[in-house]
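Worksheet for the structure shown next.
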2 protein chains.
Amino acid sequence: MTKYNGYRRVAVIGCGTVGASWAALFTAHGLDVAAFDPAPGRGERLAAFVTHARSQLKEFGLDGEGSLTLHERMEDAVAGADFVQENAPEDEVAKRGLLAELDALLPEHALIASSTSALLRSAIVTECARPERVIVAHPFNPPHLVPLVEIVAADAATAERAAAFYRDLGRRPVILRREMPGHIANRLASALYREAVNLVAEGVASVADVDAALCNGPGLRWAAMGPHMTYHLGGGAGGIRHYLDHLGPSQARRWASLGNPALSEAVKAAIVSGIDAEAEGRSIAELEARRDRSLIEILKSRVEVAGQ
Amino acid sequence: MTKYNGYRRVAVIGCGTVGASWAALFTAHGLDVAAFDPAPGRGERLAAFVTHARSQLKEFGLDGEGSLTLHERMEDAVAGADFVQENAPEDEVAKRGLLAELDALLPEHALIASSTSALLRSAIVTECARPERVIVAHPFNPPHLVPLVEIVAADAATAERAAAFYRDLGRRPVILRREMPGHIANRLASALYREAVNLVAEGVASVADVDAALCNGPGLRWAAMGPHMTYHLGGGAGGIRHYLDHLGPSQARRWASLGNPALSEAVKAAIVSGIDAEAEGRSIAELEARRDRSLIEILKSRVEVAGQ
């Protein structure tokens, strides 16, 4: 296979954090990026983000010479593009119109990928003349560091074509067999967060301690191995079959005991003050820098242990 | 403070995987370990596990010269112990009797910590003459690598005394404000697993892809930062307050949409065959070795980013 499916030019539509992060990744791989965003002042923020993200990507040896150009008109940004990564706000009606417009502008061979986390593919491609080349490709923040890309496509061949492209970008694509609100990973995150909120609401532990329990316990393990495989190892010599037969009933009892908290004003206030305590005065920018530093070191460490 | 609270000798009662892992950690820190386990053939398995785990701990510069002795009688193992780590099977009646026996054997100053994951402290200390020095200190597998220790104690001073000891062992203790079945981390894991099972049961993705989505997405981030702090960063400049006010309702809708699967024979069969595919013929021992390798590299990488 030709690397990057032979693509040379990628259009990034919508250049907030997600779009800017994609732009950094594409250019670091040597792909030319033509960007468009109608928001005023977007150019400076995009340039600053890409410069910073590119310095992070250098730590992985990614130092390609793709160009980055911000265009005033969307049709100029997509002219000659082989691939479009769309990162507009999560407004279903607006996104439906935007994707139809992109579909009309682009030549037959180009793929159009929406980064949407909240919307269903079936709901946003309805106005496209060629919906079969419009996919969902949902990344995790920040996309230039976190490898996951969740793909929803009309058919297996299109999904695989997109997956091959993302794999060449060092991403880990996962293809959904059918669409689902929240895809996979945000559903898992949301399920966990409900109990994380419950434990604070019930006064079992502080926000900081719930966070520490996750990232020094199961979260740490989940960076190495997923939940199903973790329980396979938890079953001892009999593996997952033994686990499900012998500990499945206790897992089901635990499920029944999980909380279903309301995000009341009191609960929200407890979470906000808990975060204040956990942050210890550090700004969001400082916390992001720390998260990125940690992710970079973890990702570097994973090179040795091979693909999850 | 004196390091390790001044303790010199630790008794490890129950030497399966958890107990053996604790024994490796204690001896690597230079503490003498007196072990007891009634199971036949336990000595060889204990020695083999400790040798292997100690070689892993050397990678962190932990190469203490604590002795390890397996005793035939429990009273010999606990004689002169400053601290007991109990890791017997999760049988409430048996554990209640065992803890009472340990309490009767040990001098006043000694702490007794149960590794129980499934049982409540209040249910297992009822026959102890001095229940206030009997705590729950629940580790995560394998305890010599994963830092989390969840502590449930009768009072804050005892909890803090135990926490100080575990901190000196390089662990990250979290003290529960009140006891809860499954403590904190297993409740979070269980909440996530319910949706991981649901996604397989609903045919959204394979077992391997659900696992890959977690450990290349939110699981990776959770090795760096807990779920509350993650949403603090997800709120942009407004942080968690903005997140809860603006995206809280969509989080609550997502919660309402999560699955509640039954572990039916069909679902269990789908999980078992999915694990077969994901394992690609690798034995449990090979998978454990890979998990440990990955954990070691991640933990080493975290040295630079400072304490979670």
B:GLU59 paired with B:HIS71, simple spin-label distance in nm, labels 7 Å along Cα-to-beta-carbon: 3.4
Degrees, to the nearest 10: B:92-105 long Cα axis against longest axis of chain B: 40
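Enumerate by residue number the GluC sites (Glu not before Pro) in the range A:56-90 meeting two conditions: DSSP loop (anything except H, G, I, E, B), and at most 16 other Cβ atoms within 10 Å of the site's Cβ. Intermediate results must be reported in sequence, preceding the final value.
Values: sites: A:GLU59, A:GLU65, A:GLU72, A:GLU75, A:GLU86, A:GLU90; in loops: A:GLU59, A:GLU65, A:GLU72, A:GLU90.
Those satisfying the criteria are A:GLU59, A:GLU65, A:GLU72, A:GLU90.
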Low-density loop cleavage sites - GluC sites (Glu not before Pro) in the range A:163-260, where at most 16 other Cβ are within 10 Å (DSSP): A:GLU179, A:GLU202
Selection of trypsin sites (Lys or Arg not before Pro), the range B:176-256, meeting DSSP coil and at most 12 other Cβ within 10 Å: B:ARG178
GNM top mover of B:HIS29, B:HIS138, B:HIS242 - chain B, alpha-carbon springs below 10 Å: B:HIS242
In order through the range A:227-233: 3J(HN,Hα) via Karplus (6.51 cos²θ - 1.76 cosθ + 1.60), integer Hz, x for Gly, Pro: x, 5, 5, 4, 6, 4, 6
At 7 Å out from Cα toward Cβ: B:GLY236 inter-copy label distances (nm, ascending): 5.3
Label-point gap, in nm, between A:HIS109 and A:THR126 - each point 7 angstrom along Cα→Cβ: 3.3
Euclidean distance of C-alpha centroids, the range A:239-308 and the range B:125-203, integer Å: 15
For A:PRO38, inter-copy label distances in nm, listed shortest first [label point 7 Å out on the Cα-Cβ vector]: 7.5
The range B:3-175 - percent relative contact order, Cα under 8 Å, separation 6 or more: 22
Within 10 Å of each Cβ in A:283-291, the average number of Cβ atoms from other chains: 4
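Return the average number of partner chain Cβ atoms within 10 angstrom of each residue Cβ along peptide B:238-250. Mind dumping the intermediate values first?
Values: counts 1, 7, 11, 6, 0, 4, 9, 3, 0, 1, 6, 1, 4.
The mean count of partner-chain Cβ atoms within 10 Å per residue comes to 4.
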Theoretical gain in end-to-end length, A:ARG177 to A:ASP276 [0.36 nm per residue, Cα-Cα removed]: 31.6 nm
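Once you have the Kirkwood Rh of chain A from its Cα pairs, apply Stokes-Einstein at 4 °C and 1.567 mPa s and quote D in µm²/s. Could the numbers behind the result be given before it?
Values: Rh = 21.4 Å.
D, rounded to a whole number, is 61 µm²/s.
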Helix A:248-257 axis, angle to chain A major axis (alpha carbon atoms, nearest 10°): 90
Chain B, relative contact order [Cα under 8 Å, separation at least 6], %: 13
Calculated label separations, B:ARG178, copies of the chain, 7 Å along the beta-carbon direction, nm: 4.2
Burial order of peptide ranges B:105-117, A:207-219 (average beta-carbon count within 10 Å, highest first): A:207-219, B:105-117
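Which value does Rg/Rh take for the protein assembly as shown over its C-alpha atoms, Rh per Kirkwood? Provide the component values of the computation, followed by the final result.
On the way: Rg = 25.6 Å, Rh = 25.5 Å.
With Rh from the inverse mean 1/r over Cα pairs, Rg/Rh is 1.00.
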Label point distance in nm, A:ALA39-B:ALA256, each placed 7 Å from Cα along Cα→Cβ: 2.9
FRET efficiency for B:GLU101 and A:LEU247, using Cβ-Cβ distance with R0 set to 25 Å, rounded to 0.05: 0.40
Candidate lysines - alpha carbon under 20 Å from B:LYS95, same-chain residues fewer than 8 apart omitted: none
Acute angle (nearest 10 degrees) that the helix A:185-201 long axis makes with the longest principal axis of chain A, alpha-carbon atoms: 40
Between the range B:22-90 and the range A:1-27, the alpha-carbon center distance in angstrom: 53
All lysines inside 22 Å of B:LYS300 as judged from Cα atoms, apart from same-chain residues fewer than 8 positions distant: A:LYS58, A:LYS300, B:LYS58
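Coordinate-derived values only; no laboratory data. The model shown is predicted, which means the values in this text are computed figures rather than measured ones. Please note: Cβ atoms are built from the backbone with ideal geometry, for glycine as well, and neighbour counts cover all protein chains shown.
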